[in-house]
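Report on the structure given below.
The values are calculated or read from the model by the stated rules, or taken from the named source; none is laboratory data. Model, not experiment: these values are computed from the prediction. Accessible surface areas use protein heavy atoms only, side chains included; no ligands, DNA or RNA. Shrake-Rupley method; radii C 1.70, N 1.55, O 1.52, S 1.80 Å.
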Amino acid sequence: MNTEIFLLINNIAGRWPLLDLSMIFFAEYLMYAMILGVLVMLVKNFDRWRNMGIIAIGSALVARGAVA
């Protein structure tokens, strides 16, 4: 089953350029966009979103380090 899923996903690569670009964006740059969004929320309403922002940024950095 794992081999079938792997082949199914990899057979799609190169057929649809828009899908390829979107997958590259999600894999490479989405985390930075999400951190930027959290930072904007922190700057906008620091007192209200401070705890959430610190936890979100910390979690994202730990997850990125663990995966990479």
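May I ask for the angle, rounded to the nearest 10°, between helix 17-28 and the longest principal axis of the chain, with both axes built from Cα atoms and the value confined to 0 to 90°?
Tilt of helix 17-28: around 40 degrees.
Is it possible to state the helix-based mean residue ellipticity at 222 nm for the chain, with each DSSP H run of 4+ residues giving -39500 (n - 2.57), the sum divided by total residues, to the nearest 500 deg cm²/dmol? What is it?
Values: 4 runs with 60 residues, N = 68.
So the helix-based figure for the chain works out to -29000 deg cm²/dmol.
Using alpha carbons only, how many degrees (0 to 90, rounded to 10) separate the axis of helix 2-12 from the longest principal axis of the chain?
The two axes meet at around 90 degrees.
What's the angle, to the nearest 10 degrees (0 to 90), between helix 46-67's Cα axis and the longest principal axis of the chain?
Roughly 30 degrees, rounded to the nearest 10.
Under a 10 Å cutoff between Cα atoms, tell me which one of 58, 37, 14 has the largest fluctuation in the Gaussian network model of the chain.
Maximum fluctuation in the GNM of the chain, among the listed residues, is at 14.
Under Stokes-Einstein, with the Kirkwood radius over Cα pairs standing in for Rh, what whole-number D in µm²/s applies to the chain at 25 °C and 0.890 mPa s? Walk me through the intermediate numbers first.
Values: Rh = 14.4 Å.
So the translational diffusion coefficient is about 170 µm²/s.
How large is ³J(HN,Hα), in whole Hz, for each residue of segment 34-41 in order, when computed from phi with the Karplus curve 6.51 cos²θ - 1.76 cosθ + 1.60 and θ = phi - 60°, using x for Gly and Pro?
With coefficients 6.51, -1.76 and 1.60, one gets 5, 5, 4, x, 5, 5, 5, 5 Hz.
Keeping all protein chains in place, calculate the accessible area per residue for the chain (probe 1.4 angstrom), answer in Å².
Values: 5950 Å² over 68 residues.
The answer is 87 Å² per residue.
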